[in-house]
Amino acid sequence: MPVALTGAKIFDGESRISGHALVLDAGRVLGILPPGQLPEGAEIQTLEGGLLTAGFVDLQVNGGGGVMLNDAPEAATMETIAKAHLPFGTTSLLPTLITDTQAHVRAAIAAAKACASPGVAGLHLEGPHLSVARKGAHDAALIRAMSDEDLTALCDAAQSLPSLYLTVAPESVTAAQIRQLVDAGAIVSLGHSDCGYDQASAAYDAGATAATHLFNAMSQLTNREPGMVGALLNEGRASSGVIADGIHVHPATLRAALAAKQGPGRLFLVSDAMATIGTDMRSFTLNGREILRENGRLTLGDGTLAGADLDMISAVRFMVDVIGLAQDEALRMASAYPADLLGRADEIGRLRPGAQADILWLGAGLEIQKVWQRGKGVA
């Protein structure tokens, strides 16, 4: 039986619509219809104001609910992570494996294939093909160049997973490897790299279409060497995730990046979340090293940032309240733009006919009132 959600404004990903109902049927969006055109027999659910918008799409989620994918790269871990992020508005995410062994990479790929959670949209492998010079919290001992064996396994995974997102450094992969990965269906993102502008641009010419957590763990924009930051901002074919917590990127820097980014590529929000989301835990381990949680920061013992203690609705509010972005654009950064990068704009990230009925009901202050996933109220 169709369900009609009424009483709230509707943001479909492009514009806001008033006086209409969002109609769902069989886990999909049937349409946005005026009262006189509702399907006969539809169950009407009346909401008290607020805004209906698409569920968030987070392309970089290392953990949540007290677990990290690296600790147990299994389908059950992915399901726990997805469940932990639902109350914060994330209805589709890519569980992210940080640099680890070949065995862990194989296990994560197998887990993503087996995972039946509706919130798991594929897999993000952040490493191990990175640069030690910009390793951040990644284990330098596990970072390595991409071999022919790695390339074959990743191409196979790209062809069998709904989405495979790969963070690589141009120092550890060749342009030919990037082209093969993209041709197989992978999304290739540049990150954890100390390469210069020309090398980054060559990787984009080879088919890379993104950068991972802009400004963090990459060569910076300077007067004579634009670095990876400059390459991403000038490359209209590429988009980039950004961690909007006021810790990873200064608000003034983020405003400048938003103004400078060449389109049609966009900046989009990622949480880079760790195990802490949805818990009160004060520390956890990653590759045998303790990560400490204090005042919104996650750090190694030496102070190196290690992922983020951030959820997506908090990132959206930061963009609005601190950066000064319009609500609609902040919501696009959390939903439509990452969905576009995955090539899945018809499925997720927007409220359009035929899309998955992944919906948020937000209050006036962007607080989450309710979450629907595939048309079912889940949080």
Residue selected from the stretch 284-295 under the condition touching a residue at least 12 places away in the same chain (Cβ under 8 Å) and of a type in the set (A, V, I, L, M, F, W, C), by the criterion surrounded by the fewest Cβ atoms within 10 Å (Cβ to Cβ): PHE284
Subset of the stretch 97-114 (residues that are over 15 Å from ASP139 (Cα atoms) and buried (at least 21 other Cβ atoms within 10 Å of the Cβ)): ALA108, ILE109, ALA111, ALA112
Those strands (runs of 3 or more DSSP E) lying entirely in the stretch 1-53 with at least 3 residues under 30 Å from the mean Cα position of the chain (by Cα): 3-6, 9-11, 21-25, 28-33
Enumeration of residues in the stretch 247-266 that are in contact with a helix residue (DSSP H, G or I) (Cβ under 6 Å, 6 or more places away or on another chain) and either under 24 Å from LEU298 (Cα atoms) or open to solvent by less than 40 Å² (accessible area, probe 1.4 Å) (or both): LYS261
Tally of residues being outside any strand (DSSP E or B) and farther than 17 Å from ALA84 by Cα across the stretch 245-299: 26
Set ALA244, ALA231: member being crowded, with 18+ Cβ neighbours inside 10 Å and within 18 Å of the chain's Cα centre (by Cα): ALA244
Qualifying positions in the stretch 70-108 - touching a residue at least 40 places away in the same chain (Cβ under 8 Å) and among the aliphatic types (A, V, I, L, M): ALA75, MET78, ALA84, LEU86, LEU94, ILE98, VAL105
Residues of the stretch 69-89 satisfying the condition of being farther than 16 Å from THR279 by Cβ and within 15 Å of the chain's Cα centre (by Cα): MET78, GLY89
Failed item, numbered, when LEU305 is tested on (1) more than 22 Å from ALA210 (Cβ to Cβ); (2) open to solvent by 30 Å² or more (accessible area, probe 1.4 Å): (1)
All positions within the stretch 322-361 that are in a helix (DSSP H, G or I) and open to solvent by 10 Å² or more (accessible area, probe 1.4 Å): GLN327, ASP328, GLU329, ARG332, TYR337, ASP340, LEU341, LEU342
Answer residue from the stretch 273-283, given it is in contact with a strand residue (DSSP E or B) (Cβ under 8 Å, 6 or more places away or on another chain) and without any contact (Cβ under 8 Å) to a residue 60 or more places away in the chain and is surrounded by the most Cβ atoms within 10 Å (Cβ to Cβ) among those: SER283
Boolean, VAL270 is touching a Pro at 6+ places or on another chain (Cβ under 9 Å), open to solvent by 10 Å² or more (accessible area, probe 1.4 Å) and closer than 30 Å to ARG16 by Cβ: no
Qualifying residue in the stretch 73-96 (condition: in a loop (DSSP other than H, G, I, E, B), modelled with pLDDT of 95 or more, within 29 Å of ALA330 (Cα to Cα) and open to solvent by less than 10 Å² (accessible area, probe 1.4 Å)): yes
Residue list for the stretch 302-321, restricted to those being modelled with pLDDT of 95 or more and not in a helix (DSSP H, G or I): LEU310, ASP311
Failed condition for LEU298, given (1) modelled with pLDDT of 95 or more; (2) surrounded by 24 or more Cβ atoms within 10 Å (Cβ to Cβ): (1)
Test: residue in the stretch 113-132 that is touching an Asp or Glu at 6+ places or on another chain (Cβ under 6 Å) and in contact (Cβ under 8 Å) with a residue 24 or more places away in the chain: yes
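The values are calculated or read from the model by the stated rules, or taken from the named source; none is laboratory data. None of these values were measured; they are calculated from a predicted model. Here the Cβ is made from the backbone with ideal geometry for all residues, glycine too, and neighbour counts use every protein chain on show. Calculation scope for accessible area: heavy atoms of the full protein, side chains included, ligands and nucleic acids excluded. Shrake-Rupley method; radii C 1.70, N 1.55, O 1.52, S 1.80 Å.
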